[in-house]
Amino acid sequence: MYPSLRKFISNFVSLTNTELDEIEKHFEPLQLKHGEYWVKEGKIGRHLGFILSGYMRKYILTDVGEETIHISPPGEFIIPFYSFFSQKPSPENLQAITDCELLILPYPALENLYSQNPKMERVGRLVVQYHLLLKEGRVISFVQQSAEERFDELMKSHSDYFQHVPLQHIASYLGMTPETLSRIRSRKK
């Protein structure tokens with residue numbers, strides 16, 4: 001039994017214990033060490049993952065280096081969206097920031113769950129919608145907020161990142177240099 005997976009899914013739809021048992025049996029455990037890649041750019045992301053413990057990041061390579069586009073904490077799905085749903089090579093890298101314990105679900109198993117239980121299609125849609133809202137909110141924050149406001153929002157929503165995620169990844173995620181992040185943090189203390 002994986003209580004955090006059950007809790008996350010139950011936030012979206014009411015399922016019986018039997019239905020949750022059926023879902024769980026399709027997931028496989030995966031351990032990643034700090035710095036290990038789960039999906040690398042150019043490879044196909046054939047699984048979605050649920051983080052039981054640890055922190056992961058998605059990043060892309062640009063002319064200026066690595067740009068962190070998402071940080072995923074425990075209790076959240078991490079999905080190489082483009083690659084997973086298109087079954088084409090990934091444009092992004094998914095890397096463990098800390099040692100991680102994941103539950104992974106292969107694409108065919110997800111399709112099988114969808115066909116077995118209409119409630120699972122609803123869960124899938126709502127999880128994708130949840131991630132879309134996170135991404136949209138991040139884009140809006142880059143347009144409407146200053147670097148300091150983005151920092152404040154992250155402190156409110158995910159202060160845990162500052163204990164587990166290297167500052168250069170947080171700075172990249174917030175769209176600032178590590179030096180700017182350091183100055184903002186100093187002013188806030």
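The values are calculated or read from the model by the stated rules, or taken from the named source; none is laboratory data. Just so it is clear, the structure is predicted and the values come from calculations on it, not from any experiment. All Cβ positions, glycine included, derive from the backbone under ideal geometry; neighbour counts span all protein chains shown.
Checked against (1) under 19 Å from the mean Cα position of the chain (by Cα); (2) surrounded by 12 or more Cβ atoms within 10 Å (Cβ to Cβ), residue 33 passes all but condition (2).
I'd like to check something: does region 107-126 contain any residue that is within 17 Å of residue 71 (Cα to Cα) and part of a helix (DSSP H, G or I)? No: zero hits.
Condition check ((1) among the hydroxyl-bearing types (Ser, Thr, Tyr); (2) closer than 25 Å to residue 10 by Cα) across all residues:
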{"position": "96", "(1), (2)": "no, no"}
{"position": "107", "(1), (2)": "yes, yes"}
{"position": "110", "(1), (2)": "no, yes"}
{"position": "122", "(1), (2)": "no, yes"}
{"position": "151", "(1), (2)": "no, no"}
{"position": "158", "(1), (2)": "no, yes"}
{"position": "182", "(1), (2)": "yes, no"}
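Restricting to region 8-30, name every residue that is surrounded by fewer than 14 Cβ atoms within 10 Å (Cβ to Cβ), at pLDDT below 95 and not in a loop (DSSP other than H, G, I, E, B). Selection gives 10, 17, 18, 21.
Could you grab me the full set of residues in region 143-169 that are charged (D, E, K, R) and either more than 17 Å from residue 75 (Cβ to Cβ) or surrounded by 12 or more Cβ atoms within 10 Å (Cβ to Cβ) (or both)? Please lay out each step first, then the result.
The initial filter retains those residues of region 143-169 that are charged (D, E, K, R), namely 148-150, 152-153, 156, 160.
Scanning region 143-169 gives 148, 149, 150, 152, 153, 156.
Hey, does region 82-101 have a residue that's among the aliphatic types (A, V, I, L, M) and more than 20 Å from residue 160 (Cβ to Cβ)?
no
Residues of region 63-105 that are under 20 Å from residue 176 (Cβ atoms) and surrounded by fewer than 21 Cβ atoms within 10 Å (Cβ to Cβ): 63, 64, 65, 66, 67, 69, 70.
Working only within region 15-68, note down all residues that are closer than 23 Å to residue 123 by Cβ and charged (D, E, K, R). If the condition is that a residue be closer than 23 Å to residue 123 by Cβ and charged (D, E, K, R), then 19, 21, 22, 24, 25, 28, 46, 58 are the ones that fit. Looking at region 36-62, which of its residues are in a strand (DSSP E or B), without any contact (Cβ under 8 Å) to a residue 60 or more places away in the chain and surrounded by 20 or more Cβ atoms within 10 Å (Cβ to Cβ)? Once the filter is applied, which keeps residues that are in a strand (DSSP E or B), without any contact (Cβ under 8 Å) to a residue 60 or more places away in the chain and surrounded by 20 or more Cβ atoms within 10 Å (Cβ to Cβ), region 36-62 yields 39, 49, 50, 51, 56, 58.
Counting only helices (runs of 4 or more DSSP H) that fall entirely inside region 138-177 and contain at least 2 residues that are touching a residue at least 40 places away in the same chain (Cβ under 8 Å), the qualifying elements are 161-164, 167-174.
Report yes if some residue within region 122-142 is surrounded by 15 or more Cβ atoms within 10 Å (Cβ to Cβ) and among the acidic types (Asp, Glu); otherwise report no. Within region 122-142, none of the residues are surrounded by 15 or more Cβ atoms within 10 Å (Cβ to Cβ) and among the acidic types (Asp, Glu).
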